[in-house]
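Please treat every number below as a calculation from the coordinates, not as lab data. Note that the coordinates shown come from a computational prediction; the quantities given were computed from them, not determined experimentally. Cβ coordinates were reconstructed from backbone atoms using ideal geometry, including for glycine residues, and neighbour counts include every protein chain displayed.
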Ligand code: ATP
Ligand code: MG
């Protein structure tokens, strides 16, 4: 089914809001973005300083930086001045502990005020922030602490006892564990952060920091294999700031809510740094996902800009009345000005649902842990094409490269070639050199070098570009299915399935077949009230065949109400494939499991 382009509904505003894409593209340079940073008083660039101090120095210390909504819906307001003071205290604590510049400070925390204190205190003191997902079990936590040479860990007493105590003896380099929140009985080898902070000065002068100094260490989602630790530097803040304006419409004092967990790159780049550099007010949801709670927060906090993920949108869709209209309660979302999504392909169905139910279409955007910032987006200021991830942001050059036998970009004599004309699928590549580009995978030089060819960064994703310059996601190179000479992107098939009213979610793989190479098999989870029987299976087969044609439509459909997904919400097709074929399941450290008591 063809979806029509959704015309831009509102005009962006503010200094950064540029009225049309072409003009933006023609005039924008990263140098311009750099010039919008304050820079350190003595020269240099520090992400923590740009996020908070610049506003305090400009006389905006009383602006609201954080609005923490506790599980019981009580709200705490934190000003930029208070956040700066807390971050300074934390920086002094690190000094007092003797942590050296560039040493790694890990956080194992949910969204809560102390996370921001620790993150910004770490950055301003020139140590390296590495946020972990608090629902990881002990072994994934250990692996990452060891890989990242953790020197300091900030966590809670409960998380320490559940996840760290038993592995601590295997981490000789982990010198300090700081506990936040109420601490009943500090375990041996830990310290209570509040007590240390109480003695520390609220004024800390940021040490000289170079734009190329390491600032963040981020582990990838592990969707396709073992997670990698991507290194980011302070210069990345230039891209965080600019892209948040172009792709999220962020500006001073906007009430903004990013639902991503801080353990993933989105939760840091756009959950902490970028919005603070704009002087926005961040909603910090300390509770669990719950459809009604989420609508309640959008309503009661008057959220203007909402950045979330396809998996969350699909969960909201599931809870929406079947006719697709109206909200599941008397919520007033009239403050909502802009909604964006990232992390997985956003099915066109979800974009249209947004317009019907939220009153706004959902703007899809694309990026990776490695790119450090949004690279391709349905612009804040432009039209939306449902199903397309958008156009490269100003300053970003993207291309589709011809593929070789292995499905990745073909490199011949050190050179790559762009596909001959629009519409041809190939590997999505970005011209190397944007400010937030990762500077390495920690301790894995070879793996890093293999990501680049001929001046391009090779993303590992397949896509195509249409004649108007919009990019369309086809699939991860590892997930694409070759069937009877056709290349089939799982996303296309999954989106077609989702157009059927019974389908809540789908994961599509290729099952090897001696005749055609691979047959398309879909795993489908159903909306409440739908029966997983043969009649529905036949109906779905016929439905997709009509939409996609017999070459692309699934030949087999299995019902599965618990599709395996990463903890960042992505369907793990490699696991569906491994299970289907009886193969080893591989690295499962990022597999979401609801049984670990978190
Ligand atoms: P790993 O690299 O460990 O396999 P991962 O690639 O899932 O994990 P992330 O860096 O969190 O780790 O995710 C980036 C990937 O997510 C992209 O390469 C792409 O495959 C997918 N992705 C992100 N945004 C979008 C989008 N808007 N549309 C389609 N895919 C997206
Ligand atoms: Mg990846």
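The table below lists the values:
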item: Fewest-first ranking of 344, 580, using other Cβ atoms within 10 Å as the exposure measure; result: 580, 344
item: Cα point-scatterer Debye curve for the chain, base-10 log of I(q)/I(0) at q = 0.07, 0.08 Å⁻¹; result: -0.41, -0.54
item: Likely footprinting exposure, 167, 297, fewest C-beta neighbours within 10 Å first; result: 167, 297
item: Separation of the residue 334 and residue 3 label points, Cα + 7 Å toward Cβ, nm; result: 2.8 nm
item: Modelled label reach - residue 454, point 7 Å along Cα→Cβ, segment 423-439 residues with backbone N closer than 14 Å; result: 426-432
item: 587, 249, 285 arranged by Cβ crowding within 10 Å, fewest neighbours leading; result: 587, 285, 249
item: Sorted peptide list for 429-435, 97-103, 147-153, criterion being average Cβ within 10 angstrom, highest first; result: 147-153, 429-435, 97-103
item: Whole-Å distance, taken between Cα centres, linking segment 392-445 and segment 466-509; result: 20 Å
item: Cα gyration tensor shape of segment 386-496, rounded if a/c is under 1.5, else prolate or oblate by comparing a/b with b/c; result: prolate
item: Computed label-point distance, nm, for sites residue 527 and residue 402 using a 7 Å Cα→Cβ extension; result: 4.6 nm
item: Rounded tilt (10° steps) of 236-248 against the dominant C-alpha axis of the chain; result: 50 degrees
item: Over 33 Å [Cα-Cα, segment 21-358], rounded percent; result: 27 percent
item: Cα shape, segment 481-590, gyration tensor, a/c 1.5 rule; result: oblate
item: With Cα atoms, 0 to 90° folded angle of helix 80-97 axis to the chain main axis; result: 70 degrees
item: Normalised contact order of the chain, rounded percent, pairs of Cα under 8 Å and 6 or more residues apart; result: 13 percent
item: Percent antiparallel among DSSP beta bridges (both partners in the chain, rounded to 5); result: 60 percent
item: Prolate/oblate/rounded label for segment 261-419 (Cα gyration tensor, a/c 1.5); result: prolate
item: Gain in span if fully extended, residue 36 to residue 300, counting 0.36 nm per residue against the direct Cα distance; result: 91.8 nm
item: Extended-chain gain in nm, criterion 0.36 nm per residue less alpha-carbon gap, residue 561 and residue 444; result: 38.4 nm
item: Helix 113-124 axis, angle to the chain major axis (alpha carbon atoms, nearest 10°); result: 80 degrees
